[in-house]
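Below is one structure, written out as structure tokens; comments come after it.
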Amino acid sequence: MIAPVPVRLMDERMTTVTASQGLRASGVKSKKGRSVIDQAAAVIILQQALESERVSGKAPGEGVEVVI
């Protein structure tokens, strides 16, 4: 049996756009940027989650039950 792991959903809309704009602003060329865009978006999602938790004192996102 697998032990339950808490899962929380975060809103990730617009993070790819934000990451793309940030990479462009920092001078990353478009070909190089495409290879790291998902990584940059993941960083933004994590930063938003941590900031949300810091400000509210609550776990970020919406808890969901996962049944396997």
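Of everything in the stretch 1-38, what is surrounded by 10 or more Cβ atoms within 10 Å (Cβ to Cβ) and closer than 30 Å to Val67 by Cα? Give them in sequence order.
Pro4, Val7, Arg8, Leu9, Met10, Asp11, Glu12, Met14, Thr15, Thr16, Asp38
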Pick out the one residue from Ser35, Ser52, Ser30 that is among the hydroxyl-bearing types (Ser, Thr, Tyr) and in contact with a Pro (Cβ under 7 Å, 6 or more places away or on another chain).
Ser52
Residues that are without any contact (Cβ under 8 Å) to a residue 24 or more places away in the chain and β-branched (Val, Ile, Thr), drawn from the stretch 24-64
Val28, Val36, Ile37, Val55
Please give the number of the condition Val67 fails out of (1) surrounded by 10 or more Cβ atoms within 10 Å (Cβ to Cβ); (2) without any contact (Cβ under 8 Å) to a residue 24 or more places away in the chain.
(1)
Across the stretch 43-68, the tally of residues that are in a helix (DSSP H, G or I) and farther than 20 Å from Val5 by Cα stands at 9
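Coordinate-derived values only; no laboratory data. This structure is a prediction, so every number in the text was calculated from the model and none was measured. Note that we place each Cβ from the backbone using ideal geometry, even for glycine, and neighbour counts take in every protein chain shown.
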